[in-house]
Amino acid sequence: MWRTCLRLRDEGRRLLNGPRRGLIASVRPGPTPPPQARAYAPPTGEGGQGTFPFGQGRAGLRGSAVQAEKGRGFIRMSASHRVKPLRTFHLIFQGGFEINLDHRKLKTPQAKLFTVPSEALAIAVATEWDSQQDTIKFYTMHLTTLCNTSLDNPTQRNKDQLIRAALKFLDTDTVCYRVEEPQTLVELQKNEWDPIIEWAKERYGVEIGSSTSITGPSVPARTREVLTSHLASYNMWALQGIEFVVTQLKSMVLTLGLIDLRLSVEQAVLLSRLEEEYQIQKWGNIEWAHDYELQELRARTAAGALFVHLCSESSTVKHRLLQE
């Protein structure tokens with residue numbers, strides 16, 4: 001037995017120390033052939049126009065240039081991107097501004113044709129798509145979301161229902177709820193919130209009170225009537241934006257100040273977060289939480305206010321070359 005082991009040991013050493021040839025050389029892997037390139041051919045539909053359902057975008061938006069041109073009876077806007085695959089936006093006016101992406105018609109989640117009422121809003125939406133980078137992040141595209149909501153109307157609400165939904169925040173308006181202590185916060189709320197309430201009372205000729213009660217202040221019937229009449233002057237699209245802003249700020253008063261340009265976005269957001277900012281100053285800031293909430297609230301509020309103004313704009317913007 002031990003002699004067999006010695007022979008196996010000697011044979012193994014001979015194979016290891018000897019020249020490599022024969023079978024060892026024949027099994028060595030050769031170079032891998034390069035993969036064949038595949039040409040990209042986008043699908044086409046009627047008249048060379050394909051469909052682009054909302055939510056099925058391709059990544060890669062960089063280095064864009066937006067240009068406008070007038071065609072036969074319609075206005076066309078194109079944004080060409082010097083990346084692969086090529087991405088082009090077309091804004092076509094046919095009773096509304098239609099947005100095409102790579103010659104594919106942009107559509108809503110309910111497969112409706114994506115059309116907006118004003119050229120300025122169409123340019124803003126195209127710019128929002130243009131700002132996407134390697135991955136299309138729909139949760140950052142607030143204008144597109146508002147347009148989809150206005151077109152699909154998923155909750156099937158009419159104009160009166162939208163107005164009531166916005167005005168219901170008067171009963172729980174942020175700036176109308178006051179604390180009784182600590183005294184520093186009481187003074188802060190008085191100094192920061194009272195001026196915007198006084199502005200709203202003078203601007204609309206209504207009574208708006210404040211209360212420290214958990215039930216909140218009582219809202220006079222005339223105040224509701226006046227503000228209902230004011231909101232009724234907006235179209236359905238603008239009302240979708242107003243309700244969106246009210247939901248973000250939790251305040252009808254702050255929303256009116258923002259829409260009427262009495263407040264900037266930063267001021268409206270700060271006033272809506274007054275108590276939270278007071279606590280942050282006292283106890284410190286959690287960067288990964290408070291900073292994200294602040295920036296997200298600002299983005300949503302700014303998009304909603306912009307949406308209201310662009311939907312209320314009746315004139316078209318001049319056609320011009322927009323460069324980065």
Calc'd 3J(HN,Hα), segment 236-249, phi into Karplus 6.51 cos²θ - 1.76 cosθ + 1.60 (θ = phi - 60°), Hz, glycine/Pro = x, comes to 4, 5, 5, 5, 4, x, 5, 5, 4, 5, 4, 5, 6, 8
In the neighbourhood of Tyr234 defined by beta carbon distances under 13 Å, the net charge of the other residues (Lys, Arg +1; Asp, Glu -1) is -3
How large is the charge dipole for segment 89-152, taken about the Cα centre, if only the Cβ atoms of Lys, Arg (+1) and Asp, Glu (-1) carry charge, to the nearest 20 debye?
-> 200 debye
Within-14-Å neighbourhood charge of Val116 [Cβ basis; K, R +1; D, E -1] | -2
In this structure, the FRET efficiency calculated for Gln295 and Glu187 from their beta-carbon separation, with R0 = 41 Å, to the nearest 0.05, is 0.90
Counting only protein heavy atoms with a 1.4 Å probe and every protein chain in place, the carbon and sulfur fraction of the accessible surface of segment 89-152 in whole percent equals 57 percent
Could you pull out every residue, at least 5 positions away or on a different chain, whose amide H is within less than 5 Å of the one on Lys105? Hs are placed 1.01 Å off N in the peptide plane, and Pro or chain starts have none.
-> Gly50, Thr51, Phe52
What ranking do 251-259, 192-200 get when scored by the average of other Cβ atoms within 10 Å per residue, highest first?
-> 251-259, 192-200
Could you give the length gained on full extension between Gln110 and Asp260, defined as 0.36 nm per residue of separation minus the Cα-Cα distance, in nm?
-> 50.7 nm
How high is the relative contact order of segment 159-322, given as a whole-number percent (alpha carbon pairs under 8 Å, six or more residues apart)?
-> 29 percent
Solvent-accessible area per residue for segment 150-299 (1.4 angstrom probe, square angstrom) | 53 Å²
12 Å beta-carbon shell around Thr140, net charge (K/R +1, D/E -1) = 0
Counting only protein heavy atoms and using a 1.4 Å probe, what share of the accessible area of segment 159-322 belongs to carbon plus sulfur, as a whole percent?
-> 52 percent
With the convex hull built on the Cα atoms of segment 159-322, state its orientation-averaged projected area in nm².
-> 11.5 nm²
With r as the distance between the Cβ atoms of Thr127 and Lys168 and R0 = 35 Å, compute the FRET efficiency 1/(1 + (r/R0)^6) and round to 0.05.
-> 0.60
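The values are calculated or read from the model by the stated rules, or taken from the named source; none is laboratory data. Remember, it's a predicted structure, so these values are computed and weren't measured experimentally. Cβ: placed from backbone, ideal geometry, glycine included. Neighbour counts: every protein chain shown. Side chains included, ligands, DNA and RNA excluded: accessible areas come from the protein's heavy atoms. Shrake-Rupley method; radii C 1.70, N 1.55, O 1.52, S 1.80 Å.
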